[in-house]
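The values are calculated or read from the model by the stated rules, or taken from the named source; none is laboratory data. Just so it is clear, the structure is predicted and the values come from calculations on it, not from any experiment. Cβ: placed from backbone, ideal geometry, glycine included. Neighbour counts: every protein chain shown. All accessible areas refer to the heavy atoms of the entire protein, side chains included, with ligands and DNA or RNA removed. Shrake-Rupley method; radii C 1.70, N 1.55, O 1.52, S 1.80 Å.
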Amino acid sequence: MPKLTVNGTTHEVDADPDMPLLWAIRDHLNLTGTKYGCGIAQCGACTVHIDGQPARACQTRIGDVAEAKITTIEGVSGRVAEAVQAAWRKLDVVQCGYCQSGQIMSAIGLLSENKAPSDADIAGALDGNICRCGTYQRIKAAVHDAARSLA
């Protein structure tokens, strides 16, 4: 039985090691903030952090991350996460909200590495996080706002 450390807690998951991490998180651990979008790692809705780096949970096998530290949207914490979440609320980024957990996870990953990203840095880090509602300008503005609050 694979063991997964998710949001600081180790869980034994009764599943095949080839199971996508997304399904283990949602169906076995009942953490539903990480969304299923496309299943082919193209939309970003399933973005989680694996050892601090954004990764697509739909294409990550649980057998490959048994020794990793996995963080979902429910488990993000710290100064960067708080700044990003505050900026999202302040600038009313969310429209339908479906993609936003993935967008936020990618933004936290970016700002954890780069406290003063350019527009190009933001575009690169969030490339592949699709927003069907088209809130890209508000997302970019929120990342800049969060970066300013971290300065």
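What the table shows:
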quantity	calculated
Considering residues of segment 74-102 that are of a type in the set (S, T, N, Q) and closer than 21 Å to Leu4 by Cβ only, the residue surrounded by the fewest Cβ atoms within 10 Å (Cβ to Cβ)	Ser77
Members of segment 65-97 that are modelled with pLDDT under 95 and under 14 Å from the mean Cα position of the chain (by Cα)	Gly97
Top-ranked residue in segment 1-35 [being in contact with a helix residue (DSSP H, G or I) (Cβ under 6 Å, 6 or more places away or on another chain) and among the hydroxyl-bearing types (Ser, Thr, Tyr); ranked as farthest from Asp127 (Cα to Cα)]	Thr32
Selection count where residues are part of a loop (DSSP other than H, G, I, E, B) and open to solvent by less than 60 Å² (accessible area, probe 1.4 Å), scope segment 120-142	6
Tabulated pairs, segment 104-129, first touching a residue at least 12 places away in the same chain (Cβ under 8 Å) and on the phi > 0 side of the Ramachandran plot, second outside any helix (DSSP H, G or I) and open to solvent by less than 60 Å² (accessible area, probe 1.4 Å), C-beta under 6 angstrom, 6+ apart or interchain	Gly128/Gly44
Residues of segment 41-73 that turn out to be surrounded by fewer than 17 Cβ atoms within 10 Å (Cβ to Cβ) and touching a Leu at 6+ places or on another chain (Cβ under 8 Å), as a count	2
Candidate set: segment 29-40, residues that are surrounded by 18 or more Cβ atoms within 10 Å (Cβ to Cβ) and under 19 Å from Gly109 (Cα atoms); chosen: the one nearest to the chain's Cα centre (by Cα)	Thr34
Residue, nearest to Tyr98 (Cα to Cα), within segment 1-23, restricted to residues that are of a type outside the set (D, E, K, R) and without any contact (Cβ under 8 Å) to a residue 24 or more places away in the chain	Trp23
Matching residues, segment 103-119, being in a loop (DSSP other than H, G, I, E, B), touching a helix residue (DSSP H, G or I) at 6+ places or on another chain (Cβ under 8 Å) and surrounded by fewer than 18 Cβ atoms within 10 Å (Cβ to Cβ)	Asn114, Lys115, Ala116
Strands (runs of 3 or more DSSP E) contained in segment 1-100 and holding at least 2 residues farther than 20 Å from Ser112 by Cα	3-6, 9-12
Conditions (1) open to solvent by less than 70 Å² (accessible area, probe 1.4 Å); (2) in contact with a strand residue (DSSP E or B) (Cβ under 8 Å, 6 or more places away or on another chain); (3) without any contact (Cβ under 8 Å) to a residue 60 or more places away in the chain: number failed by Arg26	(2)
Test set (1) of a type outside the set (Lys, Arg); (2) open to solvent by 30 Å² or more (accessible area, probe 1.4 Å); (3) closer than 19 Å to Ser106 by Cα - Glu12 fails condition number	(3)
